[in-house]
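Participant: Next up is a structure, given as structure tokens.
Derivation of every value follows stated rules applied to the coordinates shown; laboratory data play no part. Computed from a predicted model, the values in this text were never measured in an experiment. Every residue, glycine among them, receives a Cβ derived from its backbone with ideal geometry; neighbour counts consider all protein chains shown.
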Amino acid sequence: MFSRIGLYAAMLAAAGVPLYIHLPRYATVEMGLSLTTLGAVLLGIRIMDFAQDPLLGRLVDRPGVSLKVWAGMGAAGLALGFWGLFGMSAVGNPVVWLVAVLVVIFTSYSLLTILFYAQGVRLMARGGASGHYRLAGARELGTVAGILLATVLPTALGYRGFAGIYVGLAVLASWAMWRVWSREGAPVDTGERIGAVLKVRRVRFLLVLAMVNALPVAITSTLFLFFVEDRLELTGLAGPFLLLFFACAGVSAPVWSRAARTWGAKPVLLVGMALAIASFVGVAGLQPGAATGFAAVCIGSGLALGADMVLLPALFSVALDEEKIQGGTGFGLWSLAGKLSLAVAAALVLPLLERAGFRPGEVNAPEAISALVLAYAVAPCILKTVAGALVLALPGEARGG
């Protein structure tokens, strides 16, 4: 079963990277859209994506429709959407085509993500915290494998080749997961509303922790290419640095899972956060050309990311399980919290950098580079420290030990 979970996680993760890394270049260079037009399209899609997650969570929790039906619809939408985006030329107006394809992709991706994490809650309903940590380890190992594939394949095979491989992966993962979809183990649907779920202190606390803890990663992800290219002047190494980062996260995922089953999630999560801060402390002092130093940062922060990826969703799964909350509703809110962090990072950090005079790809004044270093290296450490304080304050029943 855990191999099926890992394969499905890889399929979902492989869908995310192209949308955040490859889409801007593809839409402007291959489809001929202007940056302004693309920005407007992505803003509208993000607003839709942001708003629909809790509603999708409530929808899939209703027992009237089989989970296999939802999973089949989502997988078909994701596969067809990716082929429509990367595997074929736009039909008609390219802007209208892009909007239509992205609506299908983002809705399908959100639906499958919520279904997948909610199914994990049901599968481990009788396994206790240890079962949730074990499943999370397999799931996040698959996630990193999917990220690595999606990072390499578009460059190696081209966009059309990647689209073809992705359609095959979606079919294979859906077939492997087909027998796993079941409502067995789910709490009785009491018609609970989102507001009622948020009244549960334990759930509300973990959602706040998830959002605060995601902010450092959201900021560093947004500014990664700027820091590597404009501060370190290592343009050709951006791809290898990303691969190193995610590979370390993948290697560490089973280790964090095993550690949590042995010592409990709270102390292990604090170790991971401390490692993240320690890894980033020296980033501000890196000078242009410091490839070895930044590689060390990628290793340390990648290992730390493995802890976040495994333990926080597992802690949330334990909370939903023990509080008898429907998984779809819960993970609809969880997905919303993560996307809110990405939106906050982009909405605050990028305009502030622009006001400081920073211009990507140009010769920047020392003050502009200092602003970039402050945003990329210092702010995440502060936010991670706040997240660590929240972990210390976790309600006793949510510690996962």
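Participant: Return the calculated 222 nm mean residue ellipticity for the chain, to the nearest 500 deg cm²/dmol, obtained by summing -39500 (n - 2.57) across DSSP H runs with n ≥ 4 and dividing by the residue count. Write out the running numbers ahead of the final one.
Facilitator: On the way: 13 runs with 297 residues, N = 401.
Helix-only estimate at 222 nm: -26000 deg cm²/dmol.
Participant: While we're here: Once label points are set 7 Å from the Cα along Cα→Cβ at both E30 and A393, what is their separation, rounded to one decimal in nm?
Facilitator: Calculated label separation equals 4.6 nm.
Participant: What's the center-to-center distance, using Cα atoms, between region 79-128 and region 218-262 in Å?
Facilitator: Measuring centre to centre over Cα atoms gives 24 Å.
Participant: Could you list which residues have their amide H under 5 Å from that of L33, counting only those 5 or more apart in sequence or on another chain, with H placed in the peptide plane?
Facilitator: Here T28 satisfy the definition.
Participant: At R0 = 56 Å, how high is the FRET efficiency between S66 and L374 if r is their beta carbon distance? Nearest 0.05 is fine. Walk me through the numbers on the way to the answer.
Facilitator: On the way: r = 51 Å, r/R0 = 0.91.
Result of the calculation: an efficiency of 0.65.
Participant: Looking at the square roots a ≥ b ≥ c of the eigenvalues of the Cα gyration tensor of region 313-369, which shape do they give, rounded for a/c under 1.5, prolate if a/b is larger than b/c, or oblate? The partial results should precede the final answer.
Facilitator: Values: a/c = 5.56, a/b = 4.27, b/c = 1.30.
Since a/c reaches 1.5 and a/b is larger than b/c, the shape of region 313-369 is classed as prolate.
Participant: Which of the three applies to region 202-342, rounded, prolate or oblate, going by the alpha-carbon gyration tensor with a ≥ b ≥ c and a/c under 1.5 meaning rounded?
Facilitator: Cα axes put region 202-342 in the prolate bin.
Participant: Still on this structure, I have one more. Length gain on complete extension for the stretch I47 to W263, per 0.36 nm per residue less the alpha carbon to alpha carbon distance? List each step's numbers first, then the result.
Facilitator: On the way: separation 216, 0.36 × 216 = 77.76 nm, distance 4.02 nm.
The I47-W263 span can extend by a further 73.7 nm.
Participant: Let me ask you something else. Counting other Cβ atoms within 10 Å of each Cβ, which GluC sites (Glu not before Pro) in region 318-379 have at most 15 and sit in a DSSP loop? Mind dumping the intermediate values first?
Facilitator: Numbers: sites: E322, E323, E354, E362, E367; in loops: E362.
Hits after loop and neighbour filter: E362.
Participant: For the cross-link pairs K68/K199; K266/K339; K68/K339, which exceed 29 Å when the distance is taken from alpha carbon to alpha carbon? Can you show the working numbers first?
Facilitator: Values: K68/K199 31 Å; K266/K339 24 Å; K68/K339 26 Å.
Distance filter (> 29 Å) returns K68/K199.
Participant: For E323 paired with R160, estimate the spin-label separation in nm (one decimal), with each label point 7 Å from Cα along the Cα-to-Cβ line.
Facilitator: A separation of 5.0 nm, rounded to one decimal place.
Participant: Using a basic spin-label model with each label point 7 Å from the Cα along Cα→Cβ, how many nm lie between V255 and V208?
Facilitator: Here the answer is 3.3 nm between the modelled labels.
Participant: List the relative contact order of the chain as a percent without decimals, with contacts defined as Cα pairs under 8 Å and 6+ residues apart. All intermediate terms of the calculation are to be shown ahead of the outcome.
Facilitator: Working: 559 pairs, mean separation 107.8, N = 401.
Dividing the mean separation by the residue count of the chain yields 27 percent.
Participant: A further question on this structure: Which option, [x] 24.6, 93; [y] 21.6, 80; [z] 20.6, 61, is the value of Rg and Dmax of the Cα atoms in Å that was calculated from these coordinates?
Facilitator: The value computed from this structure is option [z].
Participant: Pop the C-beta distance of L270 and N93 into the FRET formula with R0 = 60 Å and round what comes out to the nearest 0.05.
Facilitator: Values: r = 52 Å, r/R0 = 0.87.
So, using R0 = 60 Å, E works out to roughly 0.70.
Participant: Same structure, new question: Which FRET efficiency value, to the nearest 0.05, is calculated for E354 and E184 with the Förster distance at 45 angstrom and r the Cβ-Cβ distance?
Facilitator: Details: r = 52 Å, r/R0 = 1.16.
Efficiency computed from Cβ-Cβ geometry: 0.30.
Participant: Sticking with this one: Can you spot the aspartates and glutamates whose alpha carbon is less than 18 Å from K324's alpha carbon? Ignore those fewer than 8 places along the same chain.
Facilitator: Straight-distance partners of K324: D61, E184, D189, E192, E397.
Participant: Determine the relative contact order of region 245-359: mean sequence separation of Cα pairs under 8 Å and six or more apart, normalised by residue count, in whole percent.
Facilitator: Details: 73 pairs, mean separation 37.9, N = 115.
Answer for region 245-359 is 33 percent.
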